[in-house]
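A short worksheet on the structure shown next.
The values are calculated or read from the model by the stated rules, or taken from the named source; none is laboratory data. Given the structure is predicted, the values throughout are model-derived calculations rather than measurements. Here the Cβ positions follow ideal geometry from the backbone for every residue, glycine too, while neighbour counts run over all protein chains shown.
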Amino acid sequence: MFIKMIEDNYKQRGLRNKLVKKLLEKGILDGRVLDAIGKVPRHAFFDDALLNHAYEDKAFPIGEGQTISQPFTVAFQSEKLKIKPGDKVLEIGTGSGYQAAVLLEMGAKVYTIEYNRKLYERTRDFLPQLSYQPYFFFGDGSKGIPAKAPYDKIIVTAGAPVVPKALTDQLAEGGILLIPVGDRERQKMVRITKVKGELKKEEFDSFAFVPLLGEQGWK
Ligand code: SAM
């Protein structure tokens with residue numbers, strides 16, 4: 001197993017505080033989201049060669065053609081999900097595990113699924129080294145994880161062509177699904193809330209995510 005040395009010194013904490021201020025200026029107002037971003041050591045998710053960029057508000061490559069999402073995107077999705085401590089959250093697209101760590105810092109119980117086996121194995125082995133322990137799954141998250149449903153919140157961190165019915169079916173009453181929907185290049189952030197069995201839809205800003213693959217995603 002790969003063990004990484006993780007140091008979190010005053011310099012990294014200072015850069016993290018600056019990032020939090022920048023997110024506040026960009027319109028993230030939920031104090032619990034900002035606190036969580038202020039706690040998760042984002043530099044620990046980076047290769048040595050990119051370490052100096054860890055607290056820039058940018059997405060970066062994590063191998064396998066995938067990315068660690070931009071901090072603003074992570075903060076935006078976490079805020080729009082209205083996470084409450086104890087929420088049961090399904091994350092589709094584990095990637096580096098950074099978003100999962102932010103959700104765990106906010107007190108959620110996190111189920112996370114990744115379609116790329118190497119990333120799944122790497123993050124499953126790495127994240128607990130930072131004392132973040134979601135439930136890890138390998139497979140096609142476009143179908144959700146029906147065996148563990150229902151979920152209070154579902155977050156999709158890859159761009160989908162449509163809202164998969166399997167995901168709205170797995171929402172608890174009052175539950176929220178947040179999913180970027182559009183073409184392969186650009187997607188609108190869509191929030192679906194289940195109210196008395198009915199689905200209420202809202203649309204927010206545009207983002208550029210890597211594609212959601214699988215049965216209910218891009219072929
Ligand atoms: N949440 C991640 C993080 O914090 O680093 C960023 C995720 S990255 C933008 C999108 C991830 O979705 C990739 O790791 C990709 O392999 C994964 N993915 C794509 N299609 C998937 C699917 N059908 N099921 C699960 N994961 C999928």
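Going through the stretch 181-219 one residue at a time, which ones are touching a helix residue (DSSP H, G or I) at 6+ places or on another chain (Cβ under 8 Å) and either part of a strand (DSSP E or B) or on the phi > 0 side of the Ramachandran plot (or both)? Correct list: 189, 191, 192, 194, 199, 204, 205, 207, 213, 214. Inclusion of residue 157 among residues that are within 13 Å of the ligand (Cβ to nearest atom) and either buried (at least 16 other Cβ atoms within 10 Å of the Cβ) or free of Cβ contacts under 8 Å to residues at least 24 places away in the same chain (or both) is warranted. Set side by side, the residues 23, 29, 19 differ, and just one is in contact (Cβ under 8 Å) with a residue 24 or more places away in the chain, in a loop (DSSP other than H, G, I, E, B) and over 26 Å from residue 121 (Cβ atoms), which is 29.
Does residue 144 qualify as being buried (at least 22 other Cβ atoms within 10 Å of the Cβ), within 10 Å of the ligand (Cβ to nearest atom) and at pLDDT 95 or above? Here the answer is yes, as residue 144 does meet what is asked.
Taking first residues from the stretch 110-127 that are among the polar types (S, T, N, Q) and partners that are outside any strand (DSSP E or B) and at pLDDT 95 or above, the Cβ contacts under 6 Å between residues at least 6 apart in sequence or on separate chains come to 112/94; 112/100; 112/134; 123/94; 123/97. Report, by residue number, each residue of the stretch 70-80 that is in contact (Cβ under 8 Å) with a residue 60 or more places away in the chain and surrounded by fewer than 24 Cβ atoms within 10 Å (Cβ to Cβ). Scanning the stretch 70-80 gives 73, 76, 80.
A single entry from 31, 65, 107, 14 fulfils the requirement of being of a type in the set (Gly, Ala, Ser), within 30 Å of residue 147 (Cβ to Cβ), away from the ligand (no atom under 16 Å from the Cβ) and surrounded by fewer than 16 Cβ atoms within 10 Å (Cβ to Cβ): 107. Looking only at the stretch 162-180, residues that are surrounded by fewer than 18 Cβ atoms within 10 Å (Cβ to Cβ) and not in a helix (DSSP H, G or I) come to 5 in all.
Answer with yes or no whether residue 114 is of a type in the set (Asp, Glu) and either in contact with a strand residue (DSSP E or B) (Cβ under 8 Å, 6 or more places away or on another chain) or within 25 Å of residue 206 (Cβ to Cβ) (or both).
Here the answer is yes, as residue 114 does meet what is asked.
Among the criteria (1) within 14 Å of the ligand (Cβ to nearest atom); (2) at pLDDT 95 or above; (3) not basic (Lys, Arg), the one residue 210 does not fulfil is (2).
Looking only at residues of the stretch 70-100 that are among the aliphatic types (A, V, I, L, M) and near the ligand (Cβ under 8 Å from one of its atoms), we find that the one that is nearest to residue 20 (Cα to Cα) is 74.
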